[in-house]
1. Residues 225, 245, 213, 285: which one is modelled with pLDDT under 90, more than 15 Å from residue 306 (Cβ to Cβ) and either in the same structural domain as residue 305 (by TED's automatic domain parsing) or in contact with a strand residue (DSSP E or B) (Cβ under 9 Å, 6 or more places away or on another chain) (or both)?
2. Determine which member of the set 33, 43 is out of contact with any strand residue (DSSP E or B) (no Cβ under 6 Å at 6 or more places or on another chain) and assigned by TED's automatic domain parsing to the domain that holds residue 157.
3. Look through 112, 141 and report the one residue that is at pLDDT 95 or above, more than 35 Å from the chain's Cα centre (by Cα) and surrounded by fewer than 20 Cβ atoms within 10 Å (Cβ to Cβ).
4. With respect to the numbered conditions (1) more than 30 Å from residue 247 (Cβ to Cβ); (2) over 35 Å from the mean Cα position of the chain (by Cα); (3) surrounded by 15 or more Cβ atoms within 10 Å (Cβ to Cβ), which one is the sole condition not fulfilled by residue 208?
5. If you go through segment 55-91 one residue at a time, how many are surrounded by fewer than 22 Cβ atoms within 10 Å (Cβ to Cβ) and in a helix (DSSP H, G or I)?
6. Of the residues that make up segment 101-108, is at least one part of a strand (DSSP E or B) and either in contact with a strand residue (DSSP E or B) (Cβ under 8 Å, 6 or more places away or on another chain) or modelled with pLDDT of 95 or more (or both)?
7. Please pick out the residue among 244, 268 that is in contact (Cβ under 8 Å) with a residue 24 or more places away in the chain and crowded, with 18+ Cβ neighbours inside 10 Å.
8. When residues of segment 34-54 are filtered for being part of a helix (DSSP H, G or I) and within 18 Å of residue 115 (Cα to Cα), how many remain?
């Protein structure tokens, strides 16, 4: 047996079945989308067995992309979970045959509750198909299984049909990356799009600062102690400049007068700054998207210095 080629044959087989299912998409998809958009309730995805497993994924995808959705196992629905369905809901029932006992058994109750029923089935004339308000046809000619028994192509087509539905709803709802991040605060995208400069900046006694009249010795001492690669130069309560490690290296070229220099002599007066409310990803862009990259930014609240942030701090939470 040529295992590699046979694996590729299964891919080819399922891809061909997907193409067949794709051609079955018609105006009912528009109707289903409108039913969901106009619903005042939620989408309850239900199924049993392999279809149930795919249903869980579809419900999760919908829920994470702006559509209020939950999954209900059809068998559990027979024993009380139907209580989660209201008349304002849309029930997305999944059964390739359309005659799964558990799904068929809960259809009368769903009808009495008054929820809309959208069927994902490969059999329009099945009990589910006849009971449904709308149908998304997921019917395949053959499963990937060599016995043509285990659900393979049919579950793949169901999954992709669910993805297509979710993707359409994302566009119709104008769902944005920041909305997605709100539902994924623990993921890398959530951190990228939700984290603000104030969440990662060094503040209070960790801010390295000196007076504009400070000696170069004191500047170096502060920079060494705080270990942030820069010192904020102050004139009373106002920041008037910044000194970085690069400024120190450039000042060293003035060997004869180096130790007579003061902070005001080597500081950068027209420094780049950022607001504490700025998004971390925007601050990182500000530091990197320039001719000469900078590694440290002073952080302000209005005209007051409130912190300092390093490119490394931002990369740790935003990543690339």
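The values are calculated or read from the model by the stated rules, or taken from the named source; none is laboratory data. Computed from a prediction, not measured in an experiment: that's the story for all the values here. Note: ideal-geometry Cβ built from the backbone for every residue, glycine included; neighbour counts use all protein chains shown.
1. Details: 225 fails: modelled with pLDDT under 90; 245 fails: modelled with pLDDT under 90; 213 fails: modelled with pLDDT under 90.
Going through 225, 245, 213, 285 in turn, just one is modelled with pLDDT under 90, more than 15 Å from residue 306 (Cβ to Cβ) and either in the same structural domain as residue 305 (by TED's automatic domain parsing) or in contact with a strand residue (DSSP E or B) (Cβ under 9 Å, 6 or more places away or on another chain) (or both): 285.
2. Numbers: 43 fails: out of contact with any strand residue (DSSP E or B) (no Cβ under 6 Å at 6 or more places or on another chain).
Being out of contact with any strand residue (DSSP E or B) (no Cβ under 6 Å at 6 or more places or on another chain) and assigned by TED's automatic domain parsing to the domain that holds residue 157 holds for just one of 33, 43, which is 33.
3. Values: 141 fails: at pLDDT 95 or above.
None of the others qualify; the one that does is 112.
4. All conditions are met except number (1).
5. Number satisfying all stated conditions: 12.
6. Of the residues in segment 101-108, the ones part of a strand (DSSP E or B) are none.
Within segment 101-108, not a single residue is part of a strand (DSSP E or B) and either in contact with a strand residue (DSSP E or B) (Cβ under 8 Å, 6 or more places away or on another chain) or modelled with pLDDT of 95 or more (or both).
7. Working: 268 fails: crowded, with 18+ Cβ neighbours inside 10 Å.
Of the residues listed, the single one that is in contact (Cβ under 8 Å) with a residue 24 or more places away in the chain and crowded, with 18+ Cβ neighbours inside 10 Å is 244.
8. Just the residues of segment 34-54 that are part of a helix (DSSP H, G or I), to begin with: 34-38, 49-54.
The next check asks that each one be within 18 Å of residue 115 (Cα to Cα); those that pass are 34-38.
Total meeting the criteria: 5.
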